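The structure appears right after this line, and notes come after that.
The values are calculated or read from the model by the stated rules, or taken from the named source; none is laboratory data. A quick note: this is a predicted structure, and the numbers were derived from the prediction, not measured. All Cβ positions, even for glycine, are placed from backbone atoms using ideal geometry, and neighbour counts span all protein chains on display.
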Amino acid sequence: MNDMSLMNLQAGKTWVGAAAIEALAAGLRGKVLEASDASYDEARAIWNAMIDRRPALIVQCAEAADVVNAVRFANDNKLLVSVRGGGHNIAGNAVCDGGMMIDLSPMKSVRVDAAAKRAWVEPGATLADLDKETQSFGLALPTGINSTTGIAGLTVGGGFGWITRKFGLTIDNLVSADVVTANGELVRASLAENGDLFWALRGGGGNFGIVTAFEFQLHDLGPQVLSGLVVHPFADAQAVLQQYREALEAAPDELTCWVVMRQAPPLPFLPQEWHGKEILVLAMCYCGDIAEGEKATQQLRSIGKPIADVVGPNPFTGWQQAFDPLLTPGARNYWKSHDFIALSDPAIAVLIDAIGTLPGPECEIFIAHLGGAVGRVATGATAFPQRNSHFVMNVHARWREPAMDTACIAWARQLFDAAAPYSAGTAYINFMPDDEVDRVETAYGGNYKRLAEIKRQYDPQNLFRMNQNVRPVEGRRMM
């Protein structure tokens, strides 16, 4: 290795000697990559193809000790640092330009204690890795809806999915975490140890350290759930959304139903004449007795005159991967998101208008409904900001050609602005793109002040800034 110029925390350059880099590499069980290495481009590639950044160094960690060494090296040299788990974050914060990327993706271990209903999960594991192991024991953890998502980023941002209404957010099932703090110390965070750090990790993002192991409480579930899609013509969207809203008022915790509006992909159960036409999809999952699920989904499935109804018993692991084909890596993606306490008629009108101007066949609007167990946790109990029963809108612009960048991003922003008057003000930080740094404080609402105080305690120099950044109380003027 040669002497290298790396980006530092002051947005300038720091020269790091070859001997120091070689000493770092020698102390790792993992490895250090630079741009000349054959696997460098693969290591810096992430899910969102819009992100094309080039770290000067990539430290691929094999164990917690490697993470400690990497953080201490970054501290010694005051380097700009990014942290990669699954690399699925929309903002692309896993990869920095010119600095050092700490890559956790080799750390994929998942260990289950079936009797205690606990899982210990390393930060490079994906949701598919976790589901495969837990379902082997008839157990599950509430996570997200795309199986290639990394557990680390999903968890520290909150984590919600098909079984959240029954079992809570991913963070509500977090028992403890091993964390490498900004000074390179490995600590345990739980209700009993470093409780302020544990509070902040549960929704505060990657601001407070690098989690090297998660301990989760698991729940009995599977192997099958009642799940599937009910597809409606988009011409019926207003009536369907209004009846959908009404049906949710009496929905049991076991039932989750979300909305997707887009042009129909060539799904095998849809008549060919509908392929490429605008549709509204009710996607539902019942995580309980199948017969009870048939009763619980009846009102939703009786809405309107659907094109197709393919709700039925499915393996839970299969349903967790059902949307993977629409979310494969390699496409360009841009998201905008709002929380809504209610799906009001004016908000519905905004959504319907936006589908009339879709800029591409992969662009869509996604509406998730949260409540149940989520709402039975106090707003101040974790950093996650919105505990009321609410809807999460994600405007998902997705396309392939760079020439479409302007049109697709403008569509998402226009819809976001039009929907803002009907929103709650809070937001799910895992859905926020990298141009929303000024929105972070508002997104956390009343929890932000405490987050900033804990940030000052654990990361006063803002080493961990490649995220939806919470600035230290005394460091808000820092870059």
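Looking across the range 236-249, the residues that are more than 26 Å from the chain's Cα centre (by Cα), farther than 24 Å from residue 314 by Cβ and touching a residue at least 12 places away in the same chain (Cβ under 8 Å) come down to 236, 237, 238, 239, 242, 243. Among the residues of the range 202-257, the ones that are assigned to a strand (DSSP E or B), more than 22 Å from residue 132 (Cα to Cα) and not assigned by TED's automatic domain parsing to the domain that holds residue 319 come to 1 in all. Among 412, 424, 418, which is under 30 Å from residue 253 (Cβ atoms), crowded, with 16+ Cβ neighbours inside 10 Å and in the same structural domain as residue 250 (by TED's automatic domain parsing)? Unique residue meeting the criteria: 424. Screening the candidates 84, 72, 53 for the property of being basic (Lys, Arg) and crowded, with 23+ Cβ neighbours inside 10 Å yields one hit, 84. The C-beta contact set for the range 340-367 (first residue closer than 16 Å to residue 258 by Cβ and assigned by TED's automatic domain parsing to the domain that holds residue 246, second residue assigned to a helix (DSSP H, G or I) and modelled with pLDDT under 95, distance under 9 angstrom, 6+ apart or interchain) comprises 364/326. Could you tell me how many of the residues in the range 402-438 are touching a residue at least 24 places away in the same chain (Cβ under 8 Å) and of a type in the set (Asp, Glu)? Residues flagged as touching a residue at least 24 places away in the same chain (Cβ under 8 Å) and of a type in the set (Asp, Glu) within the range 402-438 amount to 3.
Scanning the range 117-153 for residues that are out of contact with any strand residue (DSSP E or B) (no Cβ under 9 Å at 6 or more places or on another chain) and of a type in the set (A, V, I, L, M, F, W, C) yields a single hit, 128. Regarding the range 11-29, can at least one residue be identified that is outside any loop (DSSP other than H, G, I, E, B), under 24 Å from the mean Cα position of the chain (by Cα) and not assigned by TED's automatic domain parsing to the domain that holds residue 178? The answer is no; no qualifying residue exists. Contact map, the range 269-284: first residue in contact (Cβ under 8 Å) with a residue 24 or more places away in the chain and among the aliphatic types (A, V, I, L, M), second residue in a loop (DSSP other than H, G, I, E, B) and surrounded by 13 or more Cβ atoms within 10 Å (Cβ to Cβ), Cβ cut-off under 6 Å, separation 6 or more or different chains; pairs are 270/264; 279/264; 284/297. For beta carbons closer than 6 Å, sequence separation of 6+ or different chains, a first residue in the range 177-199 that is more than 23 Å from residue 81 (Cα to Cα) and a second that is part of a helix (DSSP H, G or I), the qualifying pairs are 190/198; 196/454.
Filter the range 183-201 for residues that are farther than 30 Å from residue 256 by Cβ and outside any loop (DSSP other than H, G, I, E, B) and give the result. 186, 187, 188, 195, 196, 197, listed by residue number. Among residues of the range 428-442 being aliphatic (A, V, I, L, M) and modelled with pLDDT of 95 or more, the one that is farthest from the chain's Cα centre (by Cα) is 440. Identify all residues within the range 177-209 that are more than 15 Å from residue 457 (Cβ to Cβ) and of a type in the set (S, T, N, Q); write none if there are none. Across the range 177-209, the qualifying residue is only 190. Restricted to the range 313-332, and to residues there that are in contact with a helix residue (DSSP H, G or I) (Cβ under 9 Å, 6 or more places away or on another chain) and of a type outside the set (Phe, Trp, Tyr), the residue that is nearest to residue 439 (Cα to Cα) is 332.
Residues in the range 248-287 that are surrounded by fewer than 14 Cβ atoms within 10 Å (Cβ to Cβ) and of a type in the set (Asp, Glu): 249, 273. Once the range 406-427 is narrowed to residues that are in contact with a helix residue (DSSP H, G or I) (Cβ under 7 Å, 6 or more places away or on another chain) and hydroxyl-bearing (Ser, Thr, Tyr), the residue that is modelled with the highest pLDDT is 422.
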